[in-house]
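Below: one structure, written as structure tokens.
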Amino acid sequence: MPNFRHVILDRDGVLNAEAPGGFVTDPEQFQWLSNVLDGLALLSRAGIRLSVATNQSCVGRGIIDAAALDRVHKKMTVEAALWGVHFDGIYVCPHAPDAGCRCRKPLPGLLESAIHESGIAASETVFIGDAATDLQCARAAGITPWLVRTGKGKNTEATLGRGEIPRVKGPDLRIFDDVLQAGNAVISEKKPKKGETL
Ligand SMILES: [Mg+2]
Ligand SMILES: [Zn+2]
């Protein structure tokens, strides 16, 4: 049973509701999904490292600039802090899909950076996402993929059931309703280190 010490989360459709226009372009459009902050608080209290890994091609497409994206993430981090939640890293691919970058999910660049900077083994790291590309990205980075049914998650689950997402299945791929349910699974399987109490 894995003992996860680092949880990396996709943003849109996992932490916050996907924006009607496809992109969250200002802080007001960043709306937490229900239960998510409870789930993150649970993980934070248990000393689990939290990172975010998100494709934001709206920057590369010229829909918003980097400063606007920073304002969105400022709102996210300030509101999370009210719940005692701290994100250790926010990893963003700002590039347009045709830019040929090495960080746009499903390529593993963002996750590799998060894993490297954490100093925590890939085997103790899980990536929670809602899209097929998130699952593929986790596999490419050699970490456990978990799916949540928020955002695109239900569609992804159906697609997975029809065998339409190659090379992501495995006994470690688990599906949860939301971040709270996934967080509870991480906590219930956490083994305390010597001298540590949960
Ligand atoms: Mg997503
Ligand atoms: Zn990129």
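What follows is calculated from the coordinates using simple rules that are stated; it is not laboratory data. Given the structure is predicted, the values throughout are model-derived calculations rather than measurements. Please note: Cβ atoms are built from the backbone with ideal geometry, for glycine as well, and neighbour counts cover all protein chains shown.
With helices as the sole contributors, the chain gives -10500 deg cm²/dmol at 222 nm; each DSSP H run of n ≥ 4 counts as -39500 (n - 2.57), and the sum is divided by every residue.
Of the three principal axes defined by the Cα atoms of region 109-184, the extents in descending order read 35, 27, 21 Å. Compute the whole-percent fraction of alpha carbon pairs in region 1-94 spaced more than 22 Å apart. When all Cα pairs of region 1-94 are counted, 25 percent exceed 22 Å.
Here the dipole of the chain is about 520 debye; that uses its Cα centre as origin and unit charges on the Cβ of Lys and Arg (positive) and Asp and Glu (negative).
Once divided by 2.2 N^0.38 Å, the Cα radius of gyration of region 6-188 becomes 0.95. Its convex hull of Cα atoms gives region 73-133 a direction-averaged projected area, equal to a quarter of the hull surface, of 5.3 nm².
Over what distance in Å are the Cα centres of region 141-195 and region 63-120 separated? For region 141-195 versus region 63-120, the Cα centre distance is 20 Å. Isolated cysteines in the chain, defined as those with no second cysteine Cβ under 4.7 Å, comprise 58, 101, 137.
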